[in-house]
1. From other protein chains only, count the Cβ atoms within 10 Å of every residue's Cβ in B:113-122, then give the mean.
2. Among A:GLY32, A:GLN76, A:VAL57, flag the residue with its Cα farthest along the positive direction of the charge dipole of region A:19-76, charges on Cβ as +1 for Lys/Arg and -1 for Asp/Glu.
3. Return the inverse of the average 1/r over all pairs of distinct C-alpha atoms in region A:201-241, which is the Kirkwood hydrodynamic radius, in Å to one decimal.
4. Calculate the radius of gyration of the Cα atoms of region A:194-310 to one decimal place, then report Dmax, the largest Cα-Cα distance, as a whole number, both in Å.
5. What's the ranking of A:51-58, B:166-173 by average number of surrounding C-beta atoms within 10 Å, highest first?
6. Can you give the alpha-carbon Rg of region A:1-83 over 2.2 N^0.38 Å, where N counts its residues?
7. Would you list which lysines come within 29 Å of A:LYS77, measuring only between C-alpha atoms, while excluding same-chain residues fewer than 8 positions from it?
8. If you take every residue apart from A:VAL303 with its C-beta less than 14 Å away from the C-beta of A:VAL303, what net charge results, scoring Lys and Arg +1 and Asp and Glu -1?
Amino acid sequence: MSTERTSDQIRELLPAYVLGALDPDEMLAVDGYVQNDPMLLARVYELEQAASQLAHVAPSTPLPAAARERLLDRVQKDLKRPSSSADMRTTIQLPIEELNRPVHVGTPTARPVPAMPPASPPERLRRDTPADWRNRLQQWLAGLSRRAVLGATVAALLIGIYVGQLQIQLNQMSRELATIHSTVATLEERAQENQQLLALLADRDVRLAGTSIAPQGASAAFYVQGDKGVLVVRGLEALPATQTYQFWLVIDGTPTPFGVFQAQPDQPTLLSVALPQSAQGFAIADVSIEPAGGSQQITKETVVLRGSVS
Amino acid sequence: MLLDMIARRDADALTALYDRHAQTIYNMINRIIREPAVAAEVHQDTFWQVWQKASEFHGAGAAAAWVYRIARNKSLDQLRRQKARPQVVATTLVEDEPGDFPPPADTASVEQISEQAWKRQRVRRALGDIPIEQRLCLELAYYEGMSQREIAERVNISLGTVKTRIRLGLEKLERILRADGLTAEDAAL
């Protein structure tokens, strides 16, 4: 693509550019325009945001078991290394192609390698006289004094810079803390909104209330959509390892087990269940405390949450 | 914000990012690669790369889009290495499963699951409003990493038609999503 293109022509190519669907020479040509035109670059970011939403409709597949732990173990090992990759990345240029195709976002500027000082020339060999020694001593003392003053000045400057940086970091951390507090408040609001949304998305839902043996405020909601359901539990206490919570649906008068879970008192607990056709007509949903591993028969005395289909 | 914290070696921030995006990213990787064992490795590599290179994100564009792009590019690289894939994609569209609950990860919170469900619904609605031929071209480019020329050959239509469909399709997807509430904050981390 050797001919000049207008901005409008380039804009027409941006959707394919964002999707990486242009031929290589076109990709390079468009990239050249984009990197030199803030308006085009902004448009690329907008289109890229829309394109990335396509990831949300890929068919759902359960995450690999222990993937999270594996990653976090690796991260912890990395953190314990004396010279971790984060330190390295300030001085080493790593390949960035995955990060920046097709758009060169965040491309680090190559850091110039500081030039090594030239090697000192070999000292001239000659015999020294006492006068030479005196002169040299005076020069050395004068130089020492200058160096001391210079050193003190540099030290003061460095300390000033260091204190300034600390102050900047402190201010930045204070701002971040404030932002985190604000984010937490927003997330708490969103948690409520999201649960309402979950209720809207579901075909039906059943509210479970705490029985007389449940902690105060314990509750749950069971959302059903087609052949799937999600139980959201709040306010149950953590159980010892010898016990578990078990979810039951009462179908034709018979409590049928639908999974066990452990509760965390300070956050919602989630249980996803598959609902066969035979379970669609359940009338009651219960949560009971059972021995670890769950039971085949519900222990009626330990039912902590119960809800009926209205 | 999360990427800034990750760049400063905050493992909790990486965990938060993982919990929020791991499922969607894995779905996408698996959709592209279609070999779960390989997809699991690419998924792991993606988050490892985020951990190592978060400092290279300079705040331009959407942070989430940056993370998704790493995953997609890695997946497409892997796909290109798997030369012997059966070519069954010409008429394959992401299936419509309105309201499908994504399988929750053990660590997913109610908020994360409902957020994923809501985003999924929103994009499905948007795709449903796009002509199917445009949608097919978009999905071949996005999930298969095919160029416009390759799509033209695969679908047996002219290159010009593919170009038009890709352009109109993505622009329409963007318009619908924005009308449905997609904002820059959606793509923030």
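Taken together, the values in this text are just the output of simple stated rules run on the coordinates, not laboratory data. What you see is a predicted model, and the numbers here were worked out from it, not measured in a lab. Positions of Cβ are backbone-derived with ideal geometry, glycine not excepted, and every protein chain shown enters the neighbour counts.
1. Numbers: counts 6, 14, 6, 2, 9, 7, 4, 7, 5, 3.
Per residue, the number of nearby Cβ atoms from other chains is 6 on average.
2. Positive-most Cα among the choices belongs to A:GLN76.
3. On the way: mean 1/r = 0.0881 Å⁻¹.
Radius from the Kirkwood sum: 11.4 Å.
4. 13.1, 37
5. A:51-58, B:166-173
6. Dividing the Cα radius of gyration by 2.2 N^0.38 Å gives 1.66.
7. Cα-Cα hits under 29 Å: B:LYS53, B:LYS74.
8. It works out to a net charge of -1.
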